[in-house]
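Visitor: Next up is a structure, given as structure tokens.
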Amino acid sequence: MINRPNVWLTILICLFSLGLTQSPAETIFSDDFEAGKLKDRWQEVNIRNAEAGGLEARPQYVHSGKASLRLTSLANNGQESGSQVIRWFMPGYGHLYYRWYAMFAEDFDQGDLMHWTGFRGCRIDDRWSGFGRAGIKPDGTDRFFTGLEPWRDWGRYPAPGALNFYSYFPEMKPDRDGVHYWGNQFFPDSAFVVERGRWYCFEVMLKVNTPGQHDGEQAFWVDGRKLLQVNGMRWRDTEMLRLNALVFGVYIHQARRNNTCWYDDLVIATHYIGPKTE
């Protein structure tokens, strides 16, 4: 007897290999946060209570329209704290961009370590494979991740810090302890330090590699200016691993105070998007 689910999975993998599942120019998701309910647009909403985030209507915290998304890492006596939303686009893509506007609160100060926003690669048969396992190196078949994050470099930069990619991939380097594999960082040649209390247009591109090859890429732009391009990435070793999740969040490792960021005008597409022209 033919196992039909396996037949369809094989066909799907073949289509991925031929590039037939991704049109030349396609917008796959957008959210201007005007719809009224986050759970109608995001499959996972991890916001503890109203203080930790939600839809924002105060005009000074909205980039365009009448609403934005507010996410707050609540004070937690120096322990970890965060709020996040997740959008999957299964089974996934090979080359995507996401563009959004964001503003950090005028008093934002994470201390040292935080995570912000990023693309994740999950197995097409397990959307959760790209989550968890911090400090563990991907094996090429389970997951990959790249986040755009501000980094204070232990006080060298004012809060929230200088932008960098924080990436998990099979060839990442270990921590100094030789045991843990924390995200490897990629910086522009010139540091870009984010200012608090103003809106920026951010855009990130990630291109997966041919399985086992070093032809993957990642790049980011701020206000339409490309600041970093990284080539030669090996993100995966199997077609079962695709680019298929986006996380917006504010996660702080040692949360001693409330820290807030606002998001607006998100677009995920198979092509470069650029700043709004309206």
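The values are calculated or read from the model by the stated rules, or taken from the named source; none is laboratory data. The model shown is predicted, which means the values in this text are computed figures rather than measured ones. Cβ: placed from backbone, ideal geometry, glycine included. Neighbour counts: every protein chain shown.
Visitor: Could you say which residue among 253, 214, 271 is closer than 30 Å to residue 77 by Cβ, of a type outside the set (Lys, Arg) and either part of a loop (DSSP other than H, G, I, E, B) or more than 15 Å from the chain's Cα centre (by Cα) (or both)?
Guide: Of 253, 214, 271, the one residue that is closer than 30 Å to residue 77 by Cβ, of a type outside the set (Lys, Arg) and either part of a loop (DSSP other than H, G, I, E, B) or more than 15 Å from the chain's Cα centre (by Cα) (or both) is 253.
Visitor: Across the stretch 27-54, what is the total count of residues that are over 14 Å from residue 261 (Cβ atoms), at pLDDT 95 or above and not in a helix (DSSP H, G or I)?
Guide: Qualifying residue count, the stretch 27-54: 15.
Visitor: Can you tell me how many residues in the stretch 128-164 are of a type in the set (D, E, K, R), touching a residue at least 12 places away in the same chain (Cβ under 8 Å) and closer than 26 Å to residue 111 by Cβ?
Guide: Number satisfying all stated conditions: 2.
Visitor: In a strand (DSSP E or B), under 29 Å from residue 262 (Cβ atoms), of a type in the set (Gly, Ala, Ser) and modelled with pLDDT of 95 or more, is that true of residue 191?
Guide: no
Visitor: Does residue 239 count as more than 30 Å from residue 36 (Cα to Cα) and in contact with a helix residue (DSSP H, G or I) (Cβ under 6 Å, 6 or more places away or on another chain)?
Guide: For residue 239, the condition - more than 30 Å from residue 36 (Cα to Cα) and in contact with a helix residue (DSSP H, G or I) (Cβ under 6 Å, 6 or more places away or on another chain) - is met.
Here is a yes/no grid of residues against (1) over 18 Å from the mean Cα position of the chain (by Cα); (2) part of a strand (DSSP E or B):
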site	(1), (2)
108	yes, no
112	yes, no
118	no, yes
131	no, no
138	no, no
144	no, yes
147	no, yes
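Visitor: A further question on this structure: Scan the stretch 136-158 residue by residue and report those that are closer than 22 Å to residue 102 by Cα, of a type outside the set (Asp, Glu) and surrounded by 19 or more Cβ atoms within 10 Å (Cβ to Cβ). Step through it out loud before you land on a result.
Guide: Restricting attention to the stretch 136-158, the residues satisfying the condition of being closer than 22 Å to residue 102 by Cα are 145-153, 157-158.
Then drop every residue that is not of a type outside the set (Asp, Glu), which leaves 145-148, 150-152, 157-158.
Answer for the stretch 136-158, where residues must be closer than 22 Å to residue 102 by Cα, of a type outside the set (Asp, Glu) and surrounded by 19 or more Cβ atoms within 10 Å (Cβ to Cβ): 145, 146, 147, 148, 150, 151, 152.
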